[in-house]
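> Following this message is one structure expressed as structure tokens.
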Amino acid sequence: MELTSNEAEKQAVISGLGYSIMPLIGIRNELKTKRLQIIPVEGFPVRSNWHIIWLKDKKFSLVANAFLKYLKKETNVIIEKKFESL
């Protein structure tokens with residue numbers, strides 16, 4: 001089955017239509033409420049790197065610049081607070 005969004009895929013699994021590989025951040029609440037569970041599979045989880053990208057000549061607003069500075073300064077804290085529990 002091919003679905004167009006993570007949410008549609010998650011709802012299909014909750015409805016009993018099969019299994020899926022999903023990012024943990026997208027199913028955090030469903031894991032807490034036990035609507036979904038993780039099935040251990042060798043070689044998982046798949047680790048990936050995330051990058052912030054933009055057009056080379058992009059002119060940022062003051063808010064965008066402040067956000068980028070915040071991300072650069074607080075990356076480790078953000079990961080620890082928001083993602084390490086996953």
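The values are calculated or read from the model by the stated rules, or taken from the named source; none is laboratory data. For clarity, every value in this text was computed on a predicted model and none was experimentally measured. Positions of Cβ are generated from backbone atoms using ideal geometry, with glycine treated the same way; all protein chains shown enter the neighbour counts.
> Being of a type outside the set (V, I, T), touching a residue at least 60 places away in the same chain (Cβ under 8 Å) and surrounded by 10 or more Cβ atoms within 10 Å (Cβ to Cβ) narrows it down to one residue among L24, L17; which is it?
Residue meeting the stated conditions: L24.
> Moving to a separate point now. Only residues that are under 20 Å from K81 (Cα atoms) and among the basic types (K, R): list them for the stretch 7-63, please.
If the condition is that a residue be under 20 Å from K81 (Cα atoms) and among the basic types (K, R), then R28, K32, R47 are the ones that fit.
> Can you work out which of the residues in the stretch 29-50 that are of a type in the set (D, E, K, R) and at pLDDT 90 or above is surrounded by the most Cβ atoms within 10 Å (Cβ to Cβ)?
Among residues in the stretch 29-50 that are of a type in the set (D, E, K, R) and at pLDDT 90 or above, the one surrounded by the most Cβ atoms within 10 Å (Cβ to Cβ) is E30.
> In the stretch 51-86, which residue that is aromatic (F, W, Y) and modelled with pLDDT of 90 or more is surrounded by the most Cβ atoms within 10 Å (Cβ to Cβ)?
Top of the filtered list is F67.
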